[in-house]
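The values are calculated or read from the model by the stated rules, or taken from the named source; none is laboratory data. Every value quoted in this text rests on a predicted model; they were computed, and no experiment measured them. No Cβ is skipped: glycine too gets one built from the backbone with ideal geometry, and neighbour counts run over all protein chains shown.
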Amino acid sequence: MKHSLFALMLALLAQRALGCEICVEDQIAATYDYGVLVRAEAAGRNVLFAALRGEAASAPRSEAIVRQAISTLSGVDRSSIRLSAVPSAASFAWDPKRYSSGAILRAVNAKLAKSGLSLVALRIIDQDQ
């Protein structure tokens, strides 16, 4: 009896330790890459962390659609693109001299419009601030 109660308590604690996948921190953590941030800072690039929205946001095909939309924009560091299916999120570095943070988000969302997907900004790491 003691062992099964202890196992149940451990299982409940383990579930609470998992992310809720809804809060901003979990969505950012899903695509966070310290190496990307270091390279972005050295190159004077900004980094956008975004939630992916849409009915098919977590579908396997969505990753390719989002990667394509982001990577076709000039000024985006293609090697910095990070995607997560669950939670549905994306991050990437770009040259702020080419696009403001609002302009890069609008440009990506324009490319995603036909897919029913969109990015919603969660956090921007701006090298000028």
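Worth a mention:
- The stretch 83-129: number of residues that are in contact (Cβ under 8 Å) with a residue 12 or more places away in the chain and either among the hydrophobic types (A, V, I, L, M, F, W, C) or touching a Phe, Trp or Tyr at 6+ places or on another chain (Cβ under 7 Å) (or both): 22
- Taken residue by residue, the stretch 4-24 has no member that is in a helix (DSSP H, G or I), at pLDDT 90 or above and either over 20 Å from V120 (Cβ atoms) or within 16 Å of the chain's Cα centre (by Cα) (or both).
- Filter pass, R61 being surrounded by fewer than 19 Cβ atoms within 10 Å (Cβ to Cβ) and over 24 Å from D26 (Cβ atoms): no
- Residue selected from the stretch 61-104 under the condition small (G, A, S) and assigned to a helix (DSSP H, G or I), by the criterion nearest to A51 (Cα to Cα): S62
- Scanning the stretch 105-129 for residues that are out of contact with any Gly (no Cβ under 6 Å at 6 or more places or on another chain) and in a loop (DSSP other than H, G, I, E, B) yields D126, D128, Q129.
- Qualifying residue in the stretch 59-81 (condition: among the aliphatic types (A, V, I, L, M), within 16 Å of L122 (Cα to Cα) and touching a Pro at 6+ places or on another chain (Cβ under 8 Å)): no
- Any hit, the stretch 108-128, residues being farther than 23 Å from E25 by Cα, of a type in the set (S, T, Y) and surrounded by fewer than 20 Cβ atoms within 10 Å (Cβ to Cβ): yes
- Candidate set from the stretch 36-56 (those that are buried (at least 19 other Cβ atoms within 10 Å of the Cβ) and small (G, A, S)); member that is farthest from A107 (Cα to Cα): A40
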